[in-house]
Amino acid sequence: MYDTIKFLHSYWAYLVLLVLIIATVNALVKFFGNKEFQAFDFRVSLFTLITSHIQLLLGLIFFFVSDYMALISDMGMNSIMGNDDLRSKIIEHPFAMIIAVVLITIGYSKHKKKLTSKPKFKLLAIFYTIALAFVLYMIPWKIWLGIA
């Protein structure tokens, strides 16, 4: 189970990142280009919401099936916080990704309440851009690039 969840969480992340980049660029380009909100825009923002929630679910499952809880119990939070690698994996990465998914959810929910295109794209652009920044900052790049 551990290997399957780790595999899914690791490779689903590529899809989430791709879709989030597409949705963010789409919202920014159409906001600044004063374009009309189309069915494609709705679909790409919805697909971003769905894929990010699936990734969050996979991440939470991975967190609890891994040995992270045992490490916290054995080492204590002081030791975890003192170790850069463990702090990043156990505290910072999950927390930042939860914030990113919350931002995506808020942006998606708020944009649906707007009646015209400009405010819809503005909300999507703001919330998705901030979420993208969180995701890009907390991606374990050493693992993704094969350095570690």
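The values are calculated or read from the model by the stated rules, or taken from the named source; none is laboratory data. Note that the structure is a prediction, hence the values are computed from the model and not measured. A quick note on method: Cβ atoms are made from the backbone with ideal geometry, for glycine too, and the neighbour counts reach across all protein chains shown.
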Review point. Where residues in the stretch 97-125 are surrounded by fewer than 18 Cβ atoms within 10 Å (Cβ to Cβ), at pLDDT 95 or above and of a type in the set (A, V, I, L, M, F, W, C), which of them is farthest from the chain's Cα centre (by Cα)?
Key: Ile106
Study note, to complete from the structure: Within the stretch 1-21, the residues that are more than 17 Å from Val101 (Cβ to Cβ), assigned to a helix (DSSP H, G or I) and of a type in the set (A, V, I, L, M, F, W, C) are Ile5, Phe7
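Among the residues of the stretch 34-56, is there at least one that is part of a loop (DSSP other than H, G, I, E, B) and small (Gly, Ala, Ser)?
Residues of the stretch 34-56 part of a loop (DSSP other than H, G, I, E, B): 34-38.
Filter once more, so that each one left must be small (Gly, Ala, Ser): none.
Scanning the stretch 34-56 turns up no residue that is part of a loop (DSSP other than H, G, I, E, B) and small (Gly, Ala, Ser).
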Point to revise | Identity of the residue in the stretch 67-80, within 14 Å of Ile91 (Cβ to Cβ) and among the hydroxyl-bearing types (Ser, Thr, Tyr), that ends up modelled with the highest pLDDT | key: Ser79
Practice item. Please work out if Phe62 is closer than 24 Å to Ala133 by Cβ, in contact with a His (Cβ under 8 Å, 6 or more places away or on another chain) and crowded, with 18+ Cβ neighbours inside 10 Å. Key: yes
Review point. Can you find even one residue in the stretch 26-43 that is surrounded by 15 or more Cβ atoms within 10 Å (Cβ to Cβ), over 30 Å from Lys122 (Cβ atoms) and in contact with a helix residue (DSSP H, G or I) (Cβ under 8 Å, 6 or more places away or on another chain)?
Key: no
Check your understanding: Residues in the stretch 75-85: is at least one closer than 19 Å to Ala131 by Cα and without any contact (Cβ under 8 Å) to a residue 60 or more places away in the chain?
Key -> no
Study note, to complete from the structure: Reported set for the stretch 128-148 where residues are touching a His at 6+ places or on another chain (Cβ under 8 Å) and surrounded by 17 or more Cβ atoms within 10 Å (Cβ to Cβ) is Met138
Practice item. Kindly check whether there is at least one residue in the stretch 118-135 that is farther than 18 Å from Lys30 by Cα, among the aromatic types (Phe, Trp, Tyr), in contact (Cβ under 8 Å) with a residue 24 or more places away in the chain and in contact with a helix residue (DSSP H, G or I) (Cβ under 9 Å, 6 or more places away or on another chain). Key: yes
